[in-house]
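> Sharing a structure here in structure tokens format.
The values are calculated or read from the model by the stated rules, or taken from the named source; none is laboratory data. Everything quoted here is computed from the prediction, not taken from an experiment. When we count neighbours, we look across all protein chains shown, and the Cβ atoms used for this are built from the backbone with ideal geometry, even at glycine. Just so you know, the surface numbers come from the protein's heavy atoms only, side chains and all, with ligands and any DNA or RNA stripped out. Shrake-Rupley method; radii C 1.70, N 1.55, O 1.52, S 1.80 Å.
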Amino acid sequence: MTSGEHKKHADLKRPAIGNFGRNEWAIVGAPCVYIKGLADKVIQALSATYKCAYADTSHNDEVILPPGRLAGGAFLEYTDQVNHQQFNYARPQQFVQLKRQFAEADIVLVNGNHQQAKAQVVIIYENKRA
């Protein structure tokens, strides 16, 4: 046997990881309020068994300045709320940093009107058919 024929390890296929995680679905085809409502129902139904996450983009047209201390020049702001914690970043998260945030999630639902995911759930909403 020559050294060209021997393989120490089998060829393993790398897992397909999307923008947020392995199991991510963008919900598209409806107004954001319906997408958020559907995501809420799916998360409520699955969260007893799976770690669910949700990704969206804030599109409040009235917001023109970063929140809190970010407006004053901070690069990071952390708030320990009573029932949740919140991180605000001044700069967009790099691909690796974003993946790290969603690493524990079994399922990531995404508002497909604003973010991309490797799979899609399409809602046929009459007003958005075009």
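> Looking at ASP106, ASP40, which is the one that is modelled with pLDDT of 90 or more, closer than 22 Å to GLU24 by Cβ, among the charged types (D, E, K, R) and in contact with a helix residue (DSSP H, G or I) (Cβ under 9 Å, 6 or more places away or on another chain)? Before you say what the answer is, go through the steps one by one.
Values: ASP40 fails: in contact with a helix residue (DSSP H, G or I) (Cβ under 9 Å, 6 or more places away or on another chain).
Going through ASP106, ASP40 in turn, the sole match is ASP106.
> Within the stretch 30-58, can you find the residues that are out of contact with any Gly (no Cβ under 9 Å at 6 or more places or on another chain) and among the β-branched types (Val, Ile, Thr)?
Scanning the stretch 30-58 gives VAL33, VAL42, ILE43, THR49, THR57.
> How many residues, within the stretch 19-32, are assigned to a loop (DSSP other than H, G, I, E, B) and open to solvent by less than 30 Å² (accessible area, probe 1.4 Å)? Talk me through it step by step, then tell me what you get.
Keep residues of the stretch 19-32 that are assigned to a loop (DSSP other than H, G, I, E, B), which gives 19-23, 29-31.
Remaining after also requiring open to solvent by less than 30 Å² (accessible area, probe 1.4 Å): 20-21, 29-30.
Residues in the stretch 19-32 being assigned to a loop (DSSP other than H, G, I, E, B) and open to solvent by less than 30 Å² (accessible area, probe 1.4 Å): 4 in total.
> Just to be sure before I move on: is GLN85 modelled with pLDDT of 90 or more and more than 25 Å from VAL122 (Cα to Cα) in the structure I sent?
On the way: modelled with pLDDT of 90 or more: yes; more than 25 Å from VAL122 (Cα to Cα): yes.
Criteria met by GLN85.
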